[in-house]
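First the structure, in the form of structure tokens, and then the observations on it.
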Amino acid sequence: MTERRRGAALEKALLDAAWAELTLHGYAKFTMDAVVKRAGTSPPVLYRRWSDRDELVRAAIAHTMKEARLAIPDTGSLREDVLTLMREINETRAELATIVIAHLAAHYQATGIRPGDITDPLVTGRKEAVDVLFDRAVERGEIDPGRLTERIKSLPFDLLRHEFLTTFAAAPDRALEEIVDEVFLPLLTGDADDRARAGRV
């Protein structure tokens with residue numbers, strides 16, 4: 001006899017079923033009934049938690065991204081920490097990012113929600129994790145905390161997401177190094193300002 005699921009176990013089963021339906025059939029064919037059938041439950045169980053399919057879609061995406069969170073590296077330098085994390089994301093999360101950004105285009109059009117609203121670091125838990133990297137770098141004296149902004153912190157990951165969106169594939173390692181060495185780090189060290197001033201002379 002199958003053990004009856006309750007609480008967190010039941011909610012996880014429902015969200016896993018919803019994500020499976022999304023990845024297999026896309027948003028256009030996503031239905032609450034299909035999720036009920038896949039999860040082996042009843043409609044009231046599902047509707048008590050999420051009132052419609054758009055609410056369920058958002059919950060399924062947030063749940064999946066939280067479960068996909070990676071360990072935060074500690075290599076001893078900000079450059080290597082960021083590159084290590086980007087490489088892990090690149091190797092293991094390209095498909096997930098592509099589904100969230102591109103395959104759910106109909107969901108964004110129907111609801112007015114932007115991809116960034118779903119992949120927001122505050123939602124996925126990435127913000128707190130990434131902040132650890134910057135806190136360590138400040139303690140080591142690698143970077144000026146006065147230069148840190150939320151946009152700069154998210155910049156390398158935003159650019160990696162852009163690579164996924166434009167190629168629907170993992171990015172070459174050379175692209176990751178270019179993002180970190182030519183765009184991201186110069187904004188924190190002042191090199192970008194120095195080059196800009198030199199260009200105006």
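If I go through segment 51-87 residue by residue, how many of them are under 18 Å from L133 (Cβ atoms), modelled with pLDDT of 90 or more and not hydrophobic (A, V, I, L, M, F, W, C)? So the count comes out to 10. Per the conditions (1) over 30 Å from L133 (Cα atoms); (2) hydroxyl-bearing (S, T, Y); (3) touching a Pro at 6+ places or on another chain (Cβ under 8 Å), the sole criterion not satisfied by T111 is (3).
Looking at segment 1-56, none of the helices (runs of 4 or more DSSP H) lying wholly inside it contains 2 or more residues that are in contact with a Phe, Trp or Tyr (Cβ under 7 Å, 6 or more places away or on another chain) and more than 22 Å from L96 (Cβ to Cβ). The residues of segment 61-76 that are open to solvent by 40 Å² or more (accessible area, probe 1.4 Å) and β-branched (V, I, T), listed by number, are I72, T75.
The single residue among R79, R48, R58 that is basic (K, R) and surrounded by fewer than 13 Cβ atoms within 10 Å (Cβ to Cβ) turns out to be R48.
The values are calculated or read from the model by the stated rules, or taken from the named source; none is laboratory data. Worth saying up front: this structure is predicted, and the values here are computed from it rather than measured. Neighbour counts run over all protein chains shown; Cβ positions are idealised from the backbone, glycine included. The accessibility values were calculated without ligands, DNA or RNA, using every heavy atom of the protein model including side chains. Shrake-Rupley method; radii C 1.70, N 1.55, O 1.52, S 1.80 Å.
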